[in-house]
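One structure is given here, and the rest of the page talks about it.
Just so you know, all these numbers are worked out from the coordinates, no wet-lab data involved. Keep in mind that this is a model prediction, so the values were computed, not measured. Every residue, glycine as well, gets a Cβ built from its backbone with ideal geometry; the counts of neighbours run over all protein chains shown.
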Amino acid sequence: MAALVLVFLGGFVVMVLEVYGAYLMRPSFGSSQEVWLAMIGMVMVALSAGYYLGGRMADRFKRASFLTWILYPAGVFIFFTKEISTPVLELQWMETANVVLASTAVSTAVFLPPCFVLGMLAP
C-alpha cells in the first residue's frame, strides 16, 4: 500500500512541477500555447525515459524500498528548482531566441531531471 501512495504522490508532484514550470517561464516568455507545448512535451519525454529506466531497475531490484532511494535525488532537484531557473532564465540569448526553442531549453534544463527521476517511480 505504501508503494502505491508513493507512486500516486510522485505523479501528483510531476503535475505540480508542470504547472509551476509554466508559471516560472511566464514573465520571460508569456503563457502562450508554445510555452505550454514546450513544458508538456518535455515532461512527456522525461516521464517516458524515466518509465523505461525505472522498469529496467524494477526488474533488477525487486524490493519496494528501492522507491525511497528514487525520492532522494528527486527531492534535491525539486528543492533547487527556483535557484536553477533564475540564472537560466536570465541568459542573454533568451531575449533573441525563438520562444519555442528558448522555452524548450529552459524547461529541459530546469525540469527534465526531477520529472525523469519521478518517472522512475511508476514501474
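Charge dipole of the chain (Cα centre as origin; +1 on each Lys and Arg Cβ, -1 on each Asp and Glu Cβ, all else neutral): 540 debye, rounded to the nearest 20. Label-to-label distance, TRP69 versus LEU9, with points set 7 angstrom from Cα along the beta-carbon direction: 1.9 nm. Ordering 4-16, 23-35 by mean Cβ neighbour count within 10 Å, with the highest value first, yields 23-35, 4-16.
Report, to the nearest 10°, how far helix 99-119 tilts away from the longest principal axis of the Cα atoms in the chain, using its own Cα long axis and a range of 0 to 90°. Once rounded, the angle reads 10 degrees. Loop only by DSSP, 15 or fewer other Cβ within 10 Å of the Cβ. Give me the trypsin sites (Lys or Arg not before Pro) in the range 17-79 that pass, ordered by residue number. For trypsin sites (Lys or Arg not before Pro) across the range 17-79 that sit outside H, G, I, E and B with at most 15 neighbouring Cβ atoms in 10 Å, the list reads LYS62, ARG63. Dipole orientation for the chain: of the candidates VAL35, ALA109, VAL76, VAL76 has the Cα lying most toward the positive pole (charges on Cβ; Lys, Arg +1; Asp, Glu -1). Axis angle, to the nearest 10 degrees, between helix 33-60 and the longest C-alpha principal axis of the chain: 20 degrees.
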